[in-house]
Structures are given as C-alpha cells and as structure tokens.
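> So that we are looking at the same thing, I have put the structure below in structure tokens.
The values are calculated or read from the model by the stated rules, or taken from the named source; none is laboratory data. Keep in mind that this is a model prediction, so the values were computed, not measured. Note: ideal-geometry Cβ built from the backbone for every residue, glycine included; neighbour counts use all protein chains shown. To get the accessible areas, we keep the full protein, side chains included, count just its heavy atoms, and leave off ligands, DNA and RNA. Shrake-Rupley method; radii C 1.70, N 1.55, O 1.52, S 1.80 Å.
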Amino acid sequence: MSQRHAVLAGAGIGGLTAAVALHRRGWHVTVCERATAPSPVGAGIVLAPNALRAFDSIGFDVARAMGRATPAAMDLRRPGGRRLSRADTDALTARYGRPPLAVHRPALVAALADALPEGALQYATEVSGVDDADGQPVVRTSDGDLTADVVIAADGIHSAIRRRYFPAHPGLHYSGETAWRTVLDGGDGGPPERAAAETWGRGERFGVVPLADGRVYLYATAVVPEGYRPADVRAELLRRYGAWHDPIPALLEHIDPAAVLQHDLYDLAAPLPRFHRGRLAWLGDAAHAMTPNLGQGGCQAVEDAAVLAHLLDGADVPAALAAYSAARGPRTDALRIRSRRAGRVAALTHPLAVAARDLAVRATPARVARRALDDLFDGFALAR
C-alpha cells in the first residue's frame, strides 16, 4: 500500500499539530504556508489541561519541548488591585492531572515545525484552491499542483477555503472589542513572582501571564469601534491602563510599540453546517473561530488535530472526516457560544452593571467554578 499524502493549508498551531500527528501515523505530509518565514513576533498562549492531553495523544511532549514553569495562580482583579477570584495551580493539578502551561506562540510553532521531516513545511506557498471533483483532491498552490488523499484547511479565521465552500455562511461577527498583545523579556519590569492575573475594568481588561521561558506575556482589550487603530500605541495603553494596580504601569513603560500586535476580536457569526466536504476538512479558526475569552481557541485547534489524525489512522478518508465533523462540531460550537457570552460579561461598561458583575464573580461558589472548568478541561476525548 502506497503512503498516503495529506496536504495542509496553514502553518499555525492547529495545522502543524495535525501534520505532526499524521506524520507519526505514517502519512506523508506537506504543509503550505503563504508567509515567507516564521514570524519572531508573537503573543503567548496558555495550553490548558485538555490541550496538553491532546498533545500527549499524538506523542508530542510540550513540557519537554517548551519548559515546565507555569503560573503559580491565576488571579482575577479590579483595576485598584482588589481580588475577585483566584484559580490556584496546585488545585488545578490535583483535579485535572496537570497545570496549564503558558508558552510563547512562535516558540511552540517552532517546536512543532522541528518535529516534522525535512521539506514537509513549505513557506511562501499559498493555497489558491482545492479541486476534488473526482474524489482525488488536487491542491492548487503558488508553487504548482499537489495531489492528496486528504486536504486540511487550517488557514485561520479569514479562511479563504471556508469562504469558497460555504459561500452562504454569514462569516465573521465582530465582538465589539480590540486586543493588544506583546511579550516582554523577564527582566523588563516583569512581576516579582510567577503569578498570572487578569484585571477587569469598565469595558477594558489587562492580562499578565509569565511564560515558560521566563518572559512575560501581556494582553489588553477595550470596547472600541471596529478598525480603531491609535496613532501612538504606548500612549493609548498608558491612557487606558497606566493608573491600574502594580505591576501594570511598570510593564507598560517597557513595551516596544513595534512589537505590539493589535487585532479586532471576531468569532463565527454562526456554526458551519459541517467541518468536512468529501476529502477536505477544516480545523481550528477556519472551522470554529471563537473569541479568546475562555482561552480555548488554540486549545480546540490542538484537540481538532488529535481527533482528526486518530480517525484517519487506517480508515476510509471520507468516512473518517464525517466522523470528525460529527465529533468536533457540538463541542466547539458550545465553546464558541460560551466564549462570546463570557466576553459580553467581561466587557460591560455601565457602572451598575460592572458592580453587579464583580459582586457575582466574588459570590460564585467554588463548586460552580469547578464545574465550568470541568466542561473545558475534561471535555477532550478521541472519537471512536
């Protein structure tokens, strides 16, 4: 039997995880990435226990590849510093078997790329279309045509392949918020202890997350019109967050404006009717773009990749993709909706609504918070 060939469009975390998983199951893989080279500039990502279990299922040891340091706790605070809630790492480890791991996205991408055979990842190669009319997909790329046994569209939130095959889908929905993200070296005004925190104001949030390599990931969100871009990023962030609790002001003084990423936050306006068509499958943001409010966008892409590779192992491709679509659709859409609702609560602006929100957070029983995390962290399973 000849070696089966998988062509993947997109070299983000989801696409590379799927490529690594399939390669380790004996597939020949080709990853087409339109960027000319990996970007050294990027944000952080917190890999929750469900994503770490998905990585385990494909034999990729993230802790070994990225380092073992994790935040000691995750505080939720008010701008003056008052704590609303805390998620303790020891408690998370006891309940879910491991703590979250916060890493630099470009470093994770590089580690996944290193796990692929030489020549599998092709930069400056854009996928312009997929022709699967006769059941043998042909992928049209800027470097020529590729035949494949399966094609995986991991081409991100603005997926051109999704738009082509689901032309009636309403597309993306703007959440009402924009986000700024950057990473600081550990010595650049970083917090004195390895503690992560997210702070909620009125229509504004600020997060500080120590990364496994000693650096510090910063993110901020604000309710603004779609497309809003300040002329001076540092001045904008200082105006919004410069009077908030320590260490936020010191961190803002050390940012490099050129290294700050800004993206408006979107999710899919409605679920896709399915995640496959014949021998073509979608995963990650291309399939179920969600806002980052639950920290599950990248984690769900990793789950997608693990489940898809598992189902494709020795199986008929169209049947495996139909099973993948059935397995992943309900979970990811439930999280998409839940993340949107969480974002609306966090982004409240009216003083009375904000006061009621904060009171509700402080009054939430621990057992209720644990059940909410159980749905996230215990929800990963390899489909049959």
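> What whole number of Å gives the distance from the Cα centroid of segment 80-103 to the Cα centroid of segment 225-285?
If we compute the Cα centre of each part, the gap is 23 Å.
> First check a/c for segment 328-384, with a ≥ b ≥ c the square roots of the eigenvalues of its C-alpha gyration tensor; if it is under 1.5, answer rounded, and if not, answer prolate when a/b is larger than b/c or oblate otherwise.
Oblate.
> Out of Ala281, Gln122, Gly297, whose Cα points farthest toward the positive end of the dipole of the chain (charges: +1 Lys, Arg; -1 Asp, Glu; placed on Cβ)?
Final value for the positive-end residue is Gly297.
> What percent of all Cα-Cα pairs in segment 1-132 falls in each 5 Å bin, counting up from 0?
2, 9, 17, 18, 16, 13, 9, 7, 5, 3, 1, 0, 0, 0
> Could you please put Met74, Met290 in sequence from largest to smallest accessible area, using a 1.4 Å probe?
Working: Met74 70, Met290 15 Å².
Output order, biggest surface exposure first: Met74, Met290.
> Next question. Heads up, I need the accessible area for Thr93: 1.4 angstrom probe, whole protein in place, Å², nearest 10.
For Thr93, solvent-accessible area is about 50 Å².
> Any chance you could list P(r) for the chain, counting all Cα-Cα pairs in 10 angstrom bins from zero, rounded to whole %?
5, 23, 33, 25, 11, 3, 0
> Order the following by accessible area, largest value first: His28, His288, His350. Probe radius 1.4 Å; ligands, DNA and RNA are ignored.
His350, His28, His288
> Could I ask something else about it? So, taking all protein chains as they sit and a 1.4 Å probe, how much accessible area belongs to Ser85, in Å² rounded to tens?
It works out to around 50 Å².
> Let me ask you something else. Once you sort the root eigenvalues of the Cα gyration tensor of segment 77-117 as a ≥ b ≥ c, which label holds: rounded (a/c under 1.5), prolate (a/b larger than b/c) or oblate (the other case)?
oblate
> Share of the chain's accessible area from carbon and sulfur, percent, 1.4 Å? Please list the in-between numbers first.
Details: 8680 of 16460 Å².
The nonpolar share, carbon plus sulfur, comes to 53 percent.
> Also: Want the number for Ala250 to Gln136: 0.36 nm per residue separation, take away the alpha-carbon distance, what's left? Don't jump to the answer; show the numbers that get you there.
On the way: separation 114, 0.36 × 114 = 41.04 nm, distance 5.68 nm.
Stretched out fully, the Ala250 to Gln136 stretch lengthens by 35.4 nm.
> Is segment 272-325 rounded, prolate or oblate when judged by the Cα gyration tensor, a ≥ b ≥ c being the square roots of its eigenvalues, rounded requiring a/c under 1.5 and prolate requiring a/b larger than b/c?
oblate
> When DSSP assigns beta bridges and you keep just the ones with both residues in the chain, what percent turn out antiparallel, to the nearest 5?
70
> Return the long-range amide H neighbours of Val31 (sequence gap of 5 or more, or a different chain), with a cut-off of under 5 Å between placed amide H atoms.
Distant-sequence amide H within range of Val31: Leu8, Leu121, Gln122.
> Can you give the calculated 222 nm mean residue ellipticity of the chain, where each DSSP H run of n ≥ 4 adds -39,500 (n - 2.57) and the sum is split over every residue, rounded to the nearest 500 deg cm²/dmol?
Working: 13 runs with 139 residues, N = 384.
Calculated from helices alone, the mean residue ellipticity at 222 nm is -11000 deg cm²/dmol.
> Next question. Going highest first, how would you order 18-24, 308-314, 129-135 by mean Cβ packing within 10 Å?
Numbers: 18-24: 25.3, 308-314: 21.6, 129-135: 12.6.
Descending packing order for the listed peptides: 18-24, 308-314, 129-135.
> Convex hull over the Cα atoms of segment 104-160, averaged projected area in nm²?
Average of the hull's projected areas for segment 104-160 equals 5.0 nm².
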